[in-house]
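Here is the structure we will look at.
The values are calculated or read from the model by the stated rules, or taken from the named source; none is laboratory data. Note that the structure is a prediction, hence the values are computed from the model and not measured. Note that each Cβ is placed from the backbone with ideal geometry, even for glycine, and that neighbours are counted across all protein chains shown. Only protein heavy atoms, including side chains, enter the accessible area calculation; ligands, DNA and RNA are left aside. Shrake-Rupley method; radii C 1.70, N 1.55, O 1.52, S 1.80 Å.
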Amino acid sequence: MKIKLKLYLSAITTMVLLGVFSVLLISFFTLVERELQRADVAREFIKSSSGVSVLVGNYERNPTSRTERLLEKKLGDLDQIVAESENTVSLVRVRNALRSLDSAFKRLQENNKERQKIATEGGTQKEHNRITFMEQRIATVLRTEVQKILDAALVIDAEAKANIDLIHTRGTLVVVAFSFALLFIIGVPALLIAKGITEALQKLVEGAKTLKGGDLGHKIQHEQADEIGELVGSFNEMADRLRSHQESLEERISERTAELEASKEQAEAANRAKSTFLANMSHELRTPLNSIIGFSGILLQGLAGPLNEEQSRQLGMLKNSGAHLLSLIDDILDLSRIEAGEVVLDWAPFDLVDVVNRVGASLSPQCREKGLALEMQIPDQAITMTGDSRHVEQILLNLIGNAIKFTDQGTVTVSAKLNGDRVHIEVRDTGIGIKDEDLKRIFDSFYQTDHGLSRRYAGTGLGLAICKRLANLMGVTIEVESAEGDGTTVLVSLPLGEESRATE
Ligand code: ADP
């Protein structure tokens, strides 16, 4: 049964019970009221009949007309009480007694008139005795009838009190019985409903926790077809849907992963093929190019005969172009080797100060040519480290070469210093600088900030890409700080290596 229906039933039963209870209470109050009225009537009778009794006694002793009037009034009061109380109390006995009382009183009055007449006319002793005798008889009747009224009033009073006690006892019983009934009708269903809801909620909370923990197969058991049952049903359905959704998701993820892996393998294979092709082609290009450079050098030296000025100029251009092409091919070859994983590092101890000085010396003619100052702030002592000195030299050549290339006036400063188990080399220039948006991309292959037909600086856009990849292989980091028009600083941090040490 639905919880809503249970609650409605309980409420309706409670209302019916309360209605019956109210009706009973009202009738109890009415009954009590009636009995109280009866008791009041009885009290009035007792009071008035006592008064009549006293006046009868007085009249017997001293039959004055005042006592007679008072007695008449009292009897009138009794008549009035009977008339007013007939609806409340059954007064048959009282009425009969009152009727006898009235007729006895009338006889008493007549007797009294006769006594006065005898007293005035001077009657005989016999007449006098008869009047007295009659008077006593009538007084006895009067007392007897008053006593009857008194008795009837006492009975009415006692009955009223007894009835009030009975109503009180029954009322108490009804209140207790209704209290228990209400408790049973409201309390027991409320307890059962609360217990059902609490247990179901507990199950739902545990189910939600299990679901959260990843067990989507968990089912909550609840047999009753009430609102909680519907909630539990919806919860189980939701868990089912989540499970099937998760399963299809997992299926799709594994399909996509397989596709991605296949694509990755294809891409890697294609990249390897490209690198191998480039390496082969570069190698094939280098041989004839070296011949062109070598032979143009021989011709320029005049070993094959004298040359005129124009021939020397053109041969010089041929040799320079060949050299440029060779450096481009060398760069492509280097990058291909690195990407194909063919670079073998020649790990050995070497003096870094020596390498930096050598690079500085080899580039100082270029500096001089451009009118730049080259400042070397290098320690006097050797810094021995373990690594591939040839590749370290290649990186430094490129970085210091770039500093010279992109600086038109000012100074290129190279400094090196030990910092814990690393050596920090800084290449600082006063050149054109790099824009913020370019800084993120200068390590990409073939990326150049100076491009297009108006290019001022020669280059391939491969130098920094090669440096970065070589640095990664050797555990070296390269960071660039720069602002457009405000020079560039490149920071290189090299590990000293296991067997390295700084020599004093
Ligand atoms: P490139 O052969 O063009 O020098 P790099 O890979 O060495 O190629 O450098 C990539 C680009 O980074 C350069 O074209 C240049 O625009 C910028 N760059 C590198 N070093 C500097 C520097 N010291 N000052 C200004 N720009 C630089």
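Using a 10 Å cut-off on Cβ atoms, rank the peptides 381-387, 8-14 from the highest mean neighbour count down.
381-387, 8-14
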Could you check how much of the accessible area of the chain is carbon and sulfur, as a whole percent, using a 1.4 Å probe? 57
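Can you give the helix-only mean residue ellipticity at 222 nm for the chain, where every DSSP H stretch with n ≥ 4 adds -39500 (n - 2.57) and the sum goes over all residues, rounded to the nearest 500 deg cm²/dmol? Don't jump to the answer; show the numbers that get you there.
Working: 11 runs with 350 residues, N = 504.
For the chain, the value works out to -25000 deg cm²/dmol.
Rg over Rh of the range 254-379, using C-alpha atoms and the Kirkwood radius, what does it come to? Intermediate values should be presented prior to the final figure.
Numbers: Rg = 22.1 Å, Rh = 19.1 Å.
When Rh is taken as the Kirkwood radius, the ratio is 1.16.
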Along the charge dipole of the chain, which of L91, T169, T144 sits closest to the positive end, that is, farthest toward it, with unit charges on the beta carbon of Lys, Arg, Asp and Glu (+1, +1, -1, -1)? T144
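What number results when the radius of gyration of the range 124-204, computed over Cα atoms, is divided by 2.2 N^0.38 Å? List each step's numbers first, then the result.
Details: Rg = 34.6 Å, N = 81, 2.2 N^0.38 = 11.7 Å.
Rg over 2.2 N^0.38 Å, computed on Cα atoms: 2.96.
Taking all pairs of distinct Cα atoms, average 1/r, flip it, and tell me the Kirkwood hydrodynamic radius of the range 75-141 in Å to one decimal place.
On the way: mean 1/r = 0.0729 Å⁻¹.
The answer is 13.7 Å.
Treat the range 369-423 as a sphere of radius equal to its Kirkwood radius over Cα pairs and apply Stokes-Einstein at 20 °C in a medium of 1.002 mPa s; give the translational diffusion coefficient in µm²/s, rounded to a whole number.
Details: Rh = 12.9 Å.
Once the numbers are plugged in, D ends up at 166 µm²/s.
Checking understanding here: applying a Kyte-Doolittle mean of at least -0.5 and a length along the axis of at least 24 Å (C-alpha), which whole DSSP H helices in the chain pass?
Details: long enough: 3-61 (86 Å, 0.72); 65-85 (30 Å, -0.70); 92-121 (44 Å, -1.18); 125-182 (84 Å, 0.29); 188-212 (36 Å, 0.55); 227-300 (103 Å, -0.44); 309-339 (45 Å, -0.25); 352-370 (27 Å, -0.09).
In the chain, the long hydrophobic H runs are 3-61, 125-182, 188-212, 227-300, 309-339, 352-370.
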What base-10 log of the normalised intensity I(q)/I(0) is obtained for the chain from the Debye formula, alpha carbons as equal point scatterers, at q = 0.10, 0.11 Å⁻¹? -0.96, -1.06
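Taking the Cβ of V412 as the center, what net charge do the other residues with Cβ under 14 Å away carry, scoring Lys and Arg +1 and Asp and Glu -1?
Details: positive: R368, K370, K405, R428; negative: E369, E375, D408, E426, D429.
Charge balance near V412 sits at -1.
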What is the Å³ per residue value for the convex hull set by the Cα atoms of the range 343-458? 134
Which entries in K274/K405; K73/K113; K2/K203; K47/K126 show an alpha-carbon gap greater than 28 Å? K274/K405; K47/K126
With viscosity set to 1.002 mPa s and temperature to 20 °C, compute the Stokes-Einstein D of the range 1-72, Rh being the Kirkwood radius across alpha carbon pairs; µm²/s, no decimals. 125
Hey, got the dipole for the chain? About the Cα centre, +1 on K and R Cβ, -1 on D and E Cβ, debye to the nearest 20? 4620
When the charge dipole of the range 283-388 is computed with +1 at the Cβ of Lys and Arg and -1 at the Cβ of Asp and Glu, the Cα pointing farthest to the positive end, of Q301, N320, Q381, is that of Q301
Share of antiparallel DSSP beta bridges in the chain, in percent to the nearest 5? 85
In whole angstrom, note down how far apart the Cα centers of the range 222-266 and the range 1-24 are. 47
Report ³J(HN,Hα) in whole Hz for each residue of the range 411-427, in order, from the Karplus equation J = 6.51 cos²θ - 1.76 cosθ + 1.60 where θ = phi - 60°; Gly and Pro get x. 10, 10, 10, 10, 10, 9, 8, 7, 9, x, 9, 9, 10, 9, 10, 10, 10
From largest to smallest, what semi-axes in whole angstrom does the range 31-99 give when each is the square root of 5 times an eigenvalue of its alpha carbon gyration tensor? 27, 11, 9
Determine the relative contact order of the chain: mean sequence separation of Cα pairs under 8 Å and six or more apart, normalised by residue count, in whole percent. 11
May I ask you to rank I400, I186 by accessible area, largest first, using a 1.4 Å probe over the protein chains only? I186, I400
For the range 411-478, evaluate the Debye formula with one uniform point scatterer on each Cα (no solvent term) and list log10 I(q)/I(0) at q = 0.14 Å⁻¹, rounded to two decimals. -0.57
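Taking only protein heavy atoms and a 1.4 Å probe, what accessible area per residue, in Å², does the chain have with all protein chains in place? Write out the running numbers ahead of the final one.
Working: 30950 Å² over 504 residues.
That works out to 61 Å² for each residue.
If you place +1 on the Cβ of every Lys and Arg and -1 on the Cβ of every Asp and Glu, how big does the dipole about the Cα centre of the range 149-213 come out, in debye to the nearest 20?
Details: 6 positive and 6 negative charges, 165 e Å.
Result for the range 149-213 is approximately 800 debye, rounded to the nearest 20.
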